[in-house]
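Here is the structure we will look at.
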Amino acid sequence: MRLGIYGAAGEVTGSNYLLEHDGKRVLIDCGIFQGRDEDRKNSEPFPFDASTVDALLLTHAHLDHSGRVPLLVKRGFRGKIYATTPTLELCEILWRDSARLMKEEADWKSRKNRRKGLPPVYPLFSEKEIERALEMFVPVSYDDVIEAASDIKVRFRDAGHILGSAIIEIWAGKDSIKLVFSGDLGQQVTVLDRNPAVIEDADYVIIESTYGDRNHKSLDETREEFASVIAECLRDRSKVLIPTFVVDRVQRILYELNILQEMGILKDNVPIYFDSPMGVKTTEIYRKYSSLLSAEIQDRLFKNQDPFAPMGLKEVTSPEESKKINDVSFAIVLAGSGMANGGRIVHHLKHNLWNPKAHVIFAGYQAAGTLGRKIIDGARFVKVAGEEVAVKCKFHTIGGFSAHADKDDLLTWASNFKTNPTFIVTHGEERSSNSLADELRKLGSQALVPQRGYEMSLDRGRSTVEKRVEIPAERPPVEVQSILRDMDLLLANINEALKEEEVAEEIGPLLMSAKLLLEIASQRVVR
C-alpha cells in the first residue's frame with residue numbers, strides 16, 4: 001500500500017492525498033492552494049493520472065479541501081465522490097462562486113493580454129465541470145461503513161470542524177491495514193458544532209496541525225475579548241469590518257453578536273450588514289441541517305430563537321447595496337473572504353484601511369501571502385484591488401473563534417488511540433507541524449512530518465515505513481513556467497472542445513493561441 005502526499009504538507013492549504021492498494025486508487029481531498037504562489041500550484045498538472053483514480057473522499061467543503069475537484073473532473077476523473085450531504089450542498093455554493101471569480105479574473109487578464117498581443121487566459125474550470133462533479137456525488141451518512149473501491153472500506157465520522165465535516169477511517173487489504181484521516185478537527189469545547197468523534201484504533205493517522213504549536217484562548221476568554229473589542233469599536237462609532245469565512249465562521253460570529261445583544265453590550269439599533277450572498281445561502285444550509293450541530297444551537301432553534309439573526313441584521317445581496325455601505329459611517333460589516341484575498345471585504349478594506357478610527361477584526365487563520373496575513377504582520381501599506389492603501393486602522397485578531405482544534409485539542413484527540421499508530425503530521429506550516437510531531441513523540445508515538453511530494457510505503461510494521469521524496473526537476477524561470485501553465489490549460493480546453501459539436505469554430509481560435517504560445521516559448525527558452 002502506498003500513500004502519496006501531494007498537498008497541505010509544510011503549508012495549510014491544498015489538501016490532496018492518494019492511497020494506492022492492489023491496483024485501486026482512492027484520493028482523499030482535492031483542495032486549492034491559497035496564498036503564496038497559488039496560481040502556479042493550482043494550475044500545474046496533478047502528480048497522478050486523474051482518469052485512473054477510482055474514488056474521491058471529501059472530508060469537508062472548505063475550498064482548501066474541495067476546490068480543485070472540478071479541475072480533477074476536467075482532467076479525466078470519472079469515479080465516484082463520497083461525502084456527507086451537507087458537504088455536497090456547501091460544495092455546490094462554494095464551487096459556483098469560485099468559478100465566477102476565476103472567470104472574472106481570466107477575462108480581465110485576457111483583456112490585458114490582448115493589448116499586448118498575448119494569448120487569452122482561461123479559468124481552471126467552468127460551470128460545465130461543476131455540473132459533472134455534482135453528478136458524481138454519493139451522499140454518505142456518519143458512521144456507515146461503505147466500500148469505496150474493491151477491498152477498500154471507509155467510514156465517515158463527525159470531525160466537529162464545520163457542518164458535514166468528517167474524519168475518515170479507511171480499511172484496506174486482506175490484513176485490513178487501517179488509516180485514519182483526521183481532516184480538519186474541531187475544538188474539544190465547541191459552540192456551533194459537535195465534538196470530534198473518538199477513534200481508538202488505527203495503524204496510521206494522518207493528522208492536521210494548523211494550530212499544532214499553540215493554544216486558543218478559552219471560550220470565556222474569547223467571548224470576553226470579543227466583547228471588549230466590540231465595545232471599543234462602538235466607542236469610536238466607526239466602521240467595524242469582520243472578514244469572514246462563509247462556512248461556519250460567519251455563523252459563529254452571528255451567534256456571538258446575538259449573545260452580545262443579550263448581554264447588553266451591543267445595542268439592538270447598531271446596524272449589522274451581512275454583505276455576503278454566499279454566506280446567506282450557507283447559513284440557510286446550517287439551519288436546514290441543524291440536527292448535526294451542537295445541542296446549544298438545536299435548543300435555541302427548538303425555542304424559535306434564530307441563533308444566526310441578531311437584531312439589526314441586514315442581509316446584503318446586490319453589488320449596489322454593498323457599495324452603499326460606504327456611505328454609512330457607523331456599522332458592523334461581515335463580508336467574505338475570511339483571509340481578505342477576495343470577495344466583497346476587499347472593497348470595504350480599500351475604503352477603510354486608511355481610517356484611524358476604523359476597526360478590522362480577524363477571527364480566523366490568515367495564510368502566508370494573503371492580504372489578511374500582511375495586515376496582521378504589520379504592513380504599513382498594502383495593495384488592495386490594484387491600489388496601494390495605507391494601513392492606519394486598528395486591527396484585532398481573535399483566535400478563539402477558530403473552527404480548528406488547537407495543540408491541546410489535537411493531543412487530546414490523538415491520545416484516544418490505544419494501538420500506538422504512526423502519526424503523519426500534515427496541514428500546517430512547518431513550525432506548527434514539527435511542534436505537534438515533537439509533542440506526539442514525547443507521548444511515545446512515532447510521528448513523521450512529510451513534505452509535499454512524499455510517497456510512502458505503508459504496512460503494519462512500525463520499522464518498515466519507507467519514505468521516498470520525489471524531487472522535482474529544477475523549475476524553469478517564472479515567465480517560462482507561466483507559459484507552460486497556459487499551454488496545459490489550452491490543451492485541456494482543446495480536448496473539451498473536441499467533444500462538442502461545431503468543433504472547427506471553437507478549435508480555430510484555440511489552436512491559433514497555442515501556435516502563438518509555442519512561438520513565444522521557443523524564443524524565450526532558447527534565450
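The values are calculated or read from the model by the stated rules, or taken from the named source; none is laboratory data. Note that the structure is predicted; figures quoted are calculated from it, not measured. Counting neighbours? That spans all protein chains shown, and the Cβs are built from the backbone with ideal geometry, glycine included.
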Considering only region 427-445, how many residues are closer than 16 Å to Ala405 by Cβ and in contact with a strand residue (DSSP E or B) (Cβ under 6 Å, 6 or more places away or on another chain)? 5
Criterion first (more than 30 Å from Asp406 (Cα to Cα), assigned to a strand (DSSP E or B), in the same structural domain as Glu38 (by TED's automatic domain parsing) and not acidic (Asp, Glu)) does Ile146 satisfy it? yes
If Ala385 satisfies every condition in (1) under 24 Å from the mean Cα position of the chain (by Cα); (2) at negative phi but one, which is the exception? (2)
In region 76-119, residues that are assigned to a helix (DSSP H, G or I) and among the β-branched types (Val, Ile, Thr) total 3
Could you tell me which of the residues Leu254, Leu353, Leu313 is touching a residue at least 12 places away in the same chain (Cβ under 8 Å), of a type in the set (A, V, I, L, M, F, W, C), out of contact with any strand residue (DSSP E or B) (no Cβ under 7 Å at 6 or more places or on another chain) and outside the structural domain of Arg157 (by TED's automatic domain parsing)? Leu254
Say whether the condition of being of a type in the set (D, E, K, R), surrounded by 20 or more Cβ atoms within 10 Å (Cβ to Cβ) and assigned to a helix (DSSP H, G or I) is met by at least one residue in region 323-330. no
Being more than 27 Å from Ser228 (Cα to Cα), in contact with a helix residue (DSSP H, G or I) (Cβ under 6 Å, 6 or more places away or on another chain) and either outside the structural domain of Gly336 (by TED's automatic domain parsing) or not aliphatic (A, V, I, L, M) (or both) is the filter here; which residues of region 257-281 pass it? Lys281
Selected residue (only one of Glu127, Glu147 is within 21 Å of Leu27 (Cβ to Cβ), surrounded by fewer than 20 Cβ atoms within 10 Å (Cβ to Cβ) and acidic (Asp, Glu)): Glu147
Find the residue count for region 209-228, including only residues that are modelled with pLDDT of 95 or more and part of a helix (DSSP H, G or I). 0
If you go through region 157-168 one residue at a time, do you hit one that is in contact with a helix residue (DSSP H, G or I) (Cβ under 9 Å, 6 or more places away or on another chain), modelled with pLDDT of 95 or more and of a type in the set (Asp, Glu)? yes
